[in-house]
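The values are calculated or read from the model by the stated rules, or taken from the named source; none is laboratory data. Not measured: the values here are computed from a predicted model. Note that each Cβ is placed from the backbone with ideal geometry, even for glycine, and that neighbours are counted across all protein chains shown. Heads up: the accessible areas ignore ligands, DNA and RNA and are worked out on the full protein's heavy atoms, side chains in. Shrake-Rupley method; radii C 1.70, N 1.55, O 1.52, S 1.80 Å.
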Amino acid sequence: MALQLGDEAPDFTSDSTEGPIKFHEYLGSSWGVLFSHPKDFTPVCTTELGRVSALKPEFEKRNVKVLGLSVDPLQSHKDWANDIKETQGHALNFPLLADPEKKVANLYGMIHPNANDTLTVRSVFVIGPDKKIKLTLTYPASTGRNFDELLRVIDSLQLTAKHKVATPSDWKQGGDVIIVPSVSDADAKTQFPGGWKTLKPYLRVVPQPK
Ligand code: BEZ
């Protein structure tokens, strides 16, 4: 059965461009993003890895460690890294797992045989400090991901892990949020002393808590 939200992220050991990685140990108390791309030396993947390298400070700000993966061998990743630096203006600055035996790819269900039975699709797993899966995304090979959206989702995951709120459609850091329905008005008075706006009894809008 496919990995689902709330499942423990399977642990593994893998070679990477930054040496062998024991996944859980590597994450420590950080959040994690594990994402796969179909193949080295391909155009969309090149832009994706350049973009993630450019956004590394944004991931670090959020205490997130990022790992990429494809089923290509380590030397291929290392050779391709030169092209990423040359064409994207950012050198690869996070570990790229080399998974030619498809050990991690199979563990995480990153190969979707009806799309391609040998290559990984564009999977994303966001993992919390408790090692539980908080978000999954799957894109086909033909569509590059929007990593600003991934950061936006991580902001929501981190906020809602800390406060009893949910984030509305298209929410961005600093925008108003919603008090979750399980919080009574009486409890909300303690948790949101600045008050909120009730549009419907189930739709209570409050400024984003700090
Ligand atoms: C790409 O990254 O451009 C790509 C990879 C595999 C299939 C199609 C496109």
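Just to check your reading of the model, which residue among Thr136, Thr120 is in contact with a helix residue (DSSP H, G or I) (Cβ under 8 Å, 6 or more places away or on another chain) and closer than 22 Å to Gln4 by Cβ?
Numbers: Thr136 fails: in contact with a helix residue (DSSP H, G or I) (Cβ under 8 Å, 6 or more places away or on another chain).
The match here is Thr120.
Cβ-Cβ distance below 8 Å, separation of 6 or more or different chains: which pairs start in the range 18-33 with a residue that is at pLDDT 95 or above and end on one that is of a type in the set (Ser, Thr, Tyr)?
Pro20/Thr13; Pro20/Ser14; Ile21/Thr13; Ile21/Ser14; Lys22/Thr13; Phe23/Thr13; Phe23/Ser14
What residue, of Ala98, Ala91, is more than 22 Å from Gln158 (Cβ to Cβ), away from the ligand (no atom under 16 Å from the Cβ) and surrounded by 15 or more Cβ atoms within 10 Å (Cβ to Cβ)?
Ala98
Given the condition within 30 Å of Thr46 (Cα to Cα) and open to solvent by 20 Å² or more (accessible area, probe 1.4 Å), answer yes or no: does some residue in the range 192-204 qualify? If you could, list the steps in order and put the result at the bottom.
So in the range 192-204, the residues within 30 Å of Thr46 (Cα to Cα) come out as none.
No - not one qualifying residue is present in the range 192-204.
Taking helices (runs of 4 or more DSSP H) that fall entirely within the range 1-109, which contain at least 3 residues that are within 20 Å of Leu135 (Cβ to Cβ)?
On the way: elements: 23-27, 43-54, 56-61, 74-88, 103-107.
It comes to 23-27, 43-54, 56-61, 103-107.
For residues in the range 34-71 being of a type in the set (Asp, Glu) and within 11 Å of the ligand (Cβ to nearest atom), which is farthest from the chain's Cα centre (by Cα)?
Restricting to residues being of a type in the set (Asp, Glu) and within 11 Å of the ligand (Cβ to nearest atom), the top hit is Asp40.
For the range 165-185, how many residues are in a loop (DSSP other than H, G, I, E, B) and over 22 Å from the mean Cα position of the chain (by Cα)? Steps first, please.
At the first step, the residues of the range 165-185 found to be in a loop (DSSP other than H, G, I, E, B) are 167-176, 180-184.
Filter again for over 22 Å from the mean Cα position of the chain (by Cα), leaving 176, 180-184.
Here the count works out to 6.
For the range 115-145, enumerate the residues that are assigned to a loop (DSSP other than H, G, I, E, B) and away from the ligand (no atom under 15 Å from the Cβ). Spell out the reasoning first.
Going through the range 115-145, the residues assigned to a loop (DSSP other than H, G, I, E, B) turn out to be 115-121, 128-131, 140-145.
Gly128, Pro129, Asp130, Lys131, listed by residue number.
Considering every residue within the range 125-139, establish whether at least one is within 18 Å of Thr47 (Cα to Cα), in contact with a strand residue (DSSP E or B) (Cβ under 7 Å, 6 or more places away or on another chain) and open to solvent by 70 Å² or more (accessible area, probe 1.4 Å).
Within the range 125-139, one or more residues are within 18 Å of Thr47 (Cα to Cα), in contact with a strand residue (DSSP E or B) (Cβ under 7 Å, 6 or more places away or on another chain) and open to solvent by 70 Å² or more (accessible area, probe 1.4 Å).
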